[in-house]
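The structure appears below as structure tokens.
The values are calculated or read from the model by the stated rules, or taken from the named source; none is laboratory data. This structure is a prediction, so every number in the text was calculated from the model and none was measured. Counting neighbours? That spans all protein chains shown, and the Cβs are built from the backbone with ideal geometry, glycine included.
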């Protein structure tokens, strides 16, 4: 991921498009196990269109009006359900749209973290690289601190292994990383990087818990087996899916 970010928007967009497709396929497979009948192929195509229109507009290749394409695309899902003769049409449409919003939308928004005003270099990819490193070190710090001294459960009903000690340890490491990032990637001020760190800590952790809630409701440990040692795409990107939209909003308002 770091390598694709350093190579620029097009390479990174291609990687995240692949992640979007695999993530949607994995998500709809889980939904099918729950008894719904999402429009798998049509929904993945809709997710691809949303991702591509976001990527094209956010990279400055087209006007933002290109996003209007997604409105008729979404409503095609409602029309398509008329001709499927499947049970639970409400659930089918809802789960189809949920996958697009939950996966394709945030992954597409991540393309915004590049600065199109600079063709290459730290000012071009710095926001994205800083975001990713903060996210990973928050997750890694929480794991090591929690497994070492964790005693008090954070949200036992959803994720029995997560502890307050781990979350606090991860948060401290993430904020220190954000502070360090402000000296390396100077396109954002120190307070902006610290706010980005806080958003990643809060919403990345919530994304992890939401993913655990989904898996717990299905009675499974991992969302998939694609990534050895990590599970599936949703297991690896749960914090990304939840934190990207909030960091995106912050950057659009205060950058």
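A few remarks follow.
- Odd one out for residue 22 among (1) touching a residue at least 24 places away in the same chain (Cβ under 8 Å); (2) over 30 Å from residue 217 (Cβ atoms); (3) buried (at least 18 other Cβ atoms within 10 Å of the Cβ): (2)
- Yes/no for residue 146 being modelled with pLDDT of 85 or more, farther than 30 Å from residue 67 by Cβ and under 21 Å from the mean Cα position of the chain (by Cα): no
- Candidate set from segment 79-110 (those that are in contact with a helix residue (DSSP H, G or I) (Cβ under 7 Å, 6 or more places away or on another chain) and more than 29 Å from residue 235 (Cα to Cα)); member that is surrounded by the most Cβ atoms within 10 Å (Cβ to Cβ): 81
- Odd one out for residue 141, checked against (1) more than 28 Å from residue 36 (Cα to Cα); (2) out of contact with any strand residue (DSSP E or B) (no Cβ under 9 Å at 6 or more places or on another chain); (3) surrounded by fewer than 21 Cβ atoms within 10 Å (Cβ to Cβ): (3)
- Any hit, segment 26-44, residues being assigned by TED's automatic domain parsing to the domain that holds residue 91, in a helix (DSSP H, G or I), free of Cβ contacts under 8 Å to residues at least 40 places away in the same chain and closer than 15 Å to residue 111 by Cα: no
- Selection status of residue 126, over 30 Å from residue 29 (Cβ atoms), under 20 Å from the mean Cα position of the chain (by Cα) and without any contact (Cβ under 8 Å) to a residue 40 or more places away in the chain: no
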